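Student: One structure, as structure tokens, below. Some questions next.
The values are calculated or read from the model by the stated rules, or taken from the named source; none is laboratory data. Nothing here was measured: the structure is a model prediction, and the numbers come from that model. Every residue, glycine as well, gets a Cβ built from its backbone with ideal geometry; the counts of neighbours run over all protein chains shown. Calculation scope for accessible area: heavy atoms of the full protein, side chains included, ligands and nucleic acids excluded. Shrake-Rupley method; radii C 1.70, N 1.55, O 1.52, S 1.80 Å.
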Amino acid sequence: DPDATPDLAAAIVALTGEGADVVFDLIGTRAALVAATGMLRRRGRLILLGYTEQTYDIHPVDLIVREITVRGSVGASLEDLHEAVALMARGVLRFDIADIVPLDAFDDALARVRAGGLTGRVVLDTGSGAV
């Protein structure tokens, strides 16, 4: 039911007053990309990180009039990782955890992620006690 799905783009625009400066898409689904594009402010940047087999169409006029930049990124540097961990430690970045699974259950966890329908991230527990 489409009416049961919150309009994330409208919520972000309402929260910020004009939309997000930068949106990182980690999911890669058509619905996520539509929402991500919709929540960008004028001159906003969409960074694509989520691998997907789905396609996403955007009209070039939307890019031109709103001056949106779309970039792809295959990864990050070690410095980027340290910055992300620091942001998470400060509570700036937050995410829901759907499940914590042992590292040896990686294949099963990946299958669950690929199947979709999770309400958060699947975290791999290395046994180090860090989770």
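Student: I want to verify a result. In a Gaussian network model of the chain, Cα cutoff 10 Å, which of these has the top mean-square fluctuation: 100, 64, 27?
Tutor: Result: 100 has the largest fluctuation of those listed.
Student: Roughly what angle does helix 106-115 make with the longest principal axis of the chain, taking Cα atoms, 0 to 90 degrees, to the nearest 10?
Tutor: 30 degrees
Student: Based on Cβ point charges of +1 for Lys and Arg and -1 for Asp and Glu, what charge dipole magnitude is obtained for the range 1-105 about its Cα centre, in debye rounded to the nearest 20?
Tutor: Dipole of the range 1-105, to the nearest 20 debye: 460 debye.
Student: What residue among 90, 121, 66 has the largest mean-square fluctuation in a Gaussian network model of the chain, using Cα springs under 10 Å?
Tutor: Comparing 90, 121, 66 in the GNM, the peak value goes to 90.
Student: Which order do 15, 81, 33 take by accessible area at a 1.4 Å probe, largest first?
Tutor: On the way: 15 140, 81 100, 33 15 Å².
I get 15, 81, 33, largest accessible area first.
Student: What value, in deg cm²/dmol to 500, does the helix sum -39500 (n - 2.57) over DSSP H runs of n ≥ 4 give at 222 nm once divided by the residues of the chain?
Tutor: -10500 deg cm²/dmol
Student: Along the range 52-61, what does the Karplus equation 6.51 cos²θ - 1.76 cosθ + 1.60 (θ = phi - 60°) give for ³J(HN,Hα), rounded to whole Hz, x for Gly and Pro?
Tutor: These are the phi-based 3J(HN,Hα) values: 7, 9, 7, 9, 9, 9, 9, 6, x, 4 Hz.
Student: Distance in nm between label sites at residue 7 and residue 115, each 7 Å beyond Cα in the beta-carbon direction?
Tutor: 3.3 nm
Student: On each of the three principal axes of the Cα atoms of the range 1-130, give max minus min coordinate, whole Å, ordered largest first.
Tutor: Extents along the principal axes: 50, 36, 27 Å.
Student: To continue, here is another question. Mean-square fluctuation check for the chain, GNM, Cα pairs under 10 Å: which of 14, 84, 32 is largest?
Tutor: 84
Student: Counting Lys +1, Arg +1, Asp -1, Glu -1, what net charge surrounds residue 124 among other residues with beta carbon under 14 Å of its beta carbon?
Tutor: -3
Student: Quick one: ranking 88, 39 by accessible area, 1.4 Å probe, largest first, what do you get? Intermediate values should be presented prior to the final figure.
Tutor: Working: 88 85, 39 25 Å².
Of 88, 39, the descending order of accessible area is 88, 39.
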